[in-house]
Structures are given as C-alpha cells and as structure tokens.
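Participant: My questions will all concern the structure given below.
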Amino acid sequence: MEKRLVVGLGEALWDVLPEGKKLGGAPANFAYHAGQFLGQENTIAVSALGEDKLADETIAALEEHQLRYMMPRVPYPTGTVQVQLDEQGIPTYDIRENVAWDNIPFTPEIEEIAHNCRAVCFGSLAQRNIVSRANIHRFLDATPQDCVKIFDINLRQNFYSKEVIQESMRRCNILKINDEELVIIGRMFGYPGLDIENKCWLILGKYDLDMLVLTCGTNGSYVFTPGQMSFQETPKVEVADTVGAGDSFTGSFCAAILSGKPVAEAHKLAVEVSAFVCTQNGAMPTLPKRLVG
C-alpha cells in the first residue's frame with residue numbers, strides 16, 4: 001500500500017429517514033469529512049456488506065462521494081437503521097441486528113490497511129457483536145505505534161457494555177464523548193458526583209489519553225489535553241438535521257491535528273464544520289471553500 005491512510009472502522013448502514021434512505025454509519029461519515037481536508041485518496045471506510053441489492057447501492061453511493069472503501073461481502077444483510085427526527089431535527093435510531101457490519105472479517109487486505117494506518121476512528125456500536133469486536137481489536141493492535149486512535153463512543157440503545165468501553169479506552173489515545181454519554185459513563189464507572197470538567201480530567205489521566213473531546217450540543221464543546229483545556233461556543237444556526245454532525249466534527253478535527261494545527265485551531269475548525277453540516281440534509285454534504293481552505 002502506497003500511502004498511510006486515515007480509516008473509519010465499523011458500521012456501514014443506511015439511515016432510513018422520513019424523506020428516504022441515505023448512506024450512513026460513523027466510519028463512512030468520518031472518512032468522508034476527513035477526506036475533504038486530506039484528499040479522499042488518503043481516507044478509507046472499512047466495514048462489511050451483505051450479498052444483497054442494498055450492498056450494491058452502498059458501493060454506488062460510496063463511489064458517488066468518491067470515498068474509498070474496503071468492505072468485504074459476508075452472508076448477512078446490509079445494515080439499516082430507522083431514523084425518526086423530532087421537531088428540533090434530533091434523531092432517534094432503531095438499529096437492525098445481526099447484519100453485515102456485525103460480522104466484519106479480518107482479511108489480509110484489511111490487515112494491510114491496519115499496518116499502513118495513520119489514524120483510525122472506531123466506536124462502541126460496531127463492537128456489539130463478538131465477531132466485529134474481536135476483529136476491530138485485531139485491527140487496532142496491528143496499527144503502527146504512532147497511529148492516532150480515536151474512540152468515538154456511540155452509545156446507542158443497549159448496544160454497549162462496561163467491558164467494551166474499558167477495552168476501547170485502553171486502545172485509544174483520543175476519546176470523543178458527548179455530555180449525555182459522559183453521564184452514563186460516570187454512573188457506570190462509579191464517579192457520578194464529579195462535575196463535567198473533573199470527570200474529563202479523571203478519564204484523561206486514568207487512561208493516559210493524549211486528548212479527550214467533549215461535545216455538549218448547544219452548550220459548546222471542550223478539548224482536554226494534559227494540562228490544558230480548549231472551549232468553543234456552539235454557533236447558532238438553522239438546523240436541518242443533526243445526522244452526521246458529530247462525525248464531521250471528528251473527521252475535520254482529526255484532519256487538522258494530522259496537518260499539524262494546534263489543538264485550539266483544530267477545535268475551532270471542527271465546531272464550524274459541524275455547525276455547517278447541521279444546516280444541511282444528510283451526513284455527507286460538500287463543505288464550502290471557506291472551511292476547507
């Protein structure tokens with residue numbers, strides 16, 4: 001493999017929204033947005049697809065977005081999620097189980113991507129099944145020592161456990177979490193009494209993280225690094241929907257860090273990108289030139 005790649009690793013699925021279905025899943029969204037800054041040839045989404053018509057549609061949609069992918073076909077249906085939006089455009093999800101992305105194989109091609117990985121973003125949702133969980137761990141363990149490993153916690157329905165979260169925190173060097181997830185993690189790990197900032201400092205130190213990114217919706221976002229904290233207000237925008245906004249934040253933040261930008265600058269860019277994505281329908285809009293530079 002000629003270049004070191006930035007990888008979105010995990011679920012590949014279709015969000016079935018009230019107005020129709022759209023390609024979704026954090027890995028593709030993350031890789032797409034990182035690629036708008038780093039070049040799509042330098043990013044790749046890794047997952048699994050079924051042997052069905054929806055898999056063919058997935059590949060067509062990925063290619064339409066010029067998104068590289070490594071998604072072996074497996075004998076399970078391609079993933080779908082029923083998405084309901086409330087009046088504020090906030091989504092709730094009904095995620096189909098025992099689908100292709102629950103059964104991601106660790107093929108020689110995927111192993112080669114791991115060996116040439118510059119950064120990887122993974123979540124807890126894709127680890128709900130033991131097959132994908134084991135192979136995500138194999139991927140992470142096969143990455144180079146200097147690889148940036150972002151654990152973007154994605155607590156959906158009941159598809160997570162303390163063990164999965166602990167194992168993932170041990171394997172990452174950047175943790176991304178939102179304020180609601182932080183409350184759940186605080187309860188799960190037995191420090192509910194601490195305020196938001198102290199919880200973040202505690203987790204940062206306990207797991208020896210390089211960074212902890214905390215998003216709080218309209219109440220702003222934080223990036224904690226050892227000895228420093230960056231805070232950014234959330235811009236007020238007309239929200240179309242928030243689907244994919246968090247992934248666009250992570251993708252643009254990762255790209256900026258890899259490009260050598262200081263944390264505060266990377267943080268500001270991520271906030272602006274995420275705010276723009278909220279004004280658009282769907283998770284993969286083309287970013288305006290003012291943001292991409």
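The values are calculated or read from the model by the stated rules, or taken from the named source; none is laboratory data. None of the values given here were measured: they were computed from a predicted structure. Because the Cβ atoms are built from the backbone with ideal geometry, glycine has one as well, and the counts that use them run over all protein chains shown. Accessible surface is based on the protein model in full, side chains and every heavy atom, while ligands, DNA and RNA are left aside. Shrake-Rupley method; radii C 1.70, N 1.55, O 1.52, S 1.80 Å.
Participant: Could you list, ordered by first residue, the pairs with Cβ atoms under 6 Å in which the first is in the range 203-227 and over 13 Å from ALA266 (Cα atoms) and of a type in the set (Gly, Ala, Ser) and the second is open to solvent by less than 80 Å² (accessible area, probe 1.4 Å) and outside any strand (DSSP E or B), at least 6 apart or interchain?
Facilitator: Partner pairs satisfying both residue conditions: GLY220/THR234.
Participant: Another one. Exactly one of (1) at pLDDT 95 or above; (2) touching a strand residue (DSSP E or B) at 6+ places or on another chain (Cβ under 7 Å) is unmet by GLU57. Its number?
Facilitator: Single failed check for GLU57: (2).
Participant: A follow-up question, please. Identify all residues within the range 158-176 that are among the β-branched types (Val, Ile, Thr) and either more than 25 Å from ALA134 (Cβ to Cβ) or outside any strand (DSSP E or B) (or both); write none if there are none.
Facilitator: VAL164, ILE165
Participant: Further question on the same structure: Given the range 37-125, what strands (runs of 3 or more DSSP E) lie entirely inside it while holding 2 or more residues that are surrounded by 15 or more Cβ atoms within 10 Å (Cβ to Cβ), of a type outside the set (Ser, Thr, Tyr) and touching an Asp or Glu at 6+ places or on another chain (Cβ under 8 Å)?
Facilitator: 79-85, 117-122
Participant: Let me ask another. Restricting to the range 280-293, and then to whatever is assigned to a helix (DSSP H, G or I) and either polar (S, T, N, Q) or open to solvent by 30 Å² or more (accessible area, probe 1.4 Å) (or both), can you tell me which residue is nearest to ALA31 (Cα to Cα)? Give the derivation first.
Facilitator: Here is the first cut: in the range 280-293, the ones assigned to a helix (DSSP H, G or I) are 289-292.
Narrowing further to those that are either polar (S, T, N, Q) or open to solvent by 30 Å² or more (accessible area, probe 1.4 Å) (or both): 289-290, 292.
Values: LYS289: 18, ARG290: 20, VAL292: 15 Å.
Here the residue is VAL292.
Participant: Step by step: first the residues of the range 209-235, then only those that are farther than 21 Å from ASP247 by Cβ and not aromatic (Phe, Trp, Tyr), then the one that is least open to solvent (accessible area, probe 1.4 Å). Which residue is that?
Facilitator: Looking only at the range 209-235, we keep the residues that are farther than 21 Å from ASP247 by Cβ, and these are 225-229, 231.
Narrowing further to those that are not aromatic (Phe, Trp, Tyr): 225-229.
Values: THR225: 20, PRO226: 93, GLY227: 76, GLN228: 127, MET229: 83 Å².
Filtering first and then ranking leaves THR225.
Participant: Take the residues in the range 129-157 that are part of a loop (DSSP other than H, G, I, E, B) and of a type in the set (D, E, K, R), then tell me which one is farthest from GLU180 (Cα to Cα). Working first, answer last.
Facilitator: Our first condition is that a residue be part of a loop (DSSP other than H, G, I, E, B); within the range 129-157, this holds for 129, 142-147, 153-157.
Now drop any that are not of a type in the set (D, E, K, R), which leaves 146, 156.
On the way: ASP146: 31, ARG156: 11 Å.
This residue is ASP146.
Participant: If you check VAL277 against the conditions, is it farther than 22 Å from ASN29 by Cβ and either open to solvent by 10 Å² or more (accessible area, probe 1.4 Å) or assigned to a helix (DSSP H, G or I) (or both)?
Facilitator: Details: farther than 22 Å from ASN29 by Cβ: no; either open to solvent by 10 Å² or more (accessible area, probe 1.4 Å) or assigned to a helix (DSSP H, G or I) (or both): yes.
Here the answer is no, as VAL277 does not meet what is asked.
Participant: Follow-up question, since we're still on this one. Go through (1) surrounded by fewer than 18 Cβ atoms within 10 Å (Cβ to Cβ); (2) of a type in the set (S, T, N, Q); (3) free of Cβ contacts under 8 Å to residues at least 40 places away in the same chain for SER259 and report which single condition fails.
Facilitator: Going through the list (1) surrounded by fewer than 18 Cβ atoms within 10 Å (Cβ to Cβ); (2) of a type in the set (S, T, N, Q); (3) free of Cβ contacts under 8 Å to residues at least 40 places away in the same chain, SER259 breaks only (3).
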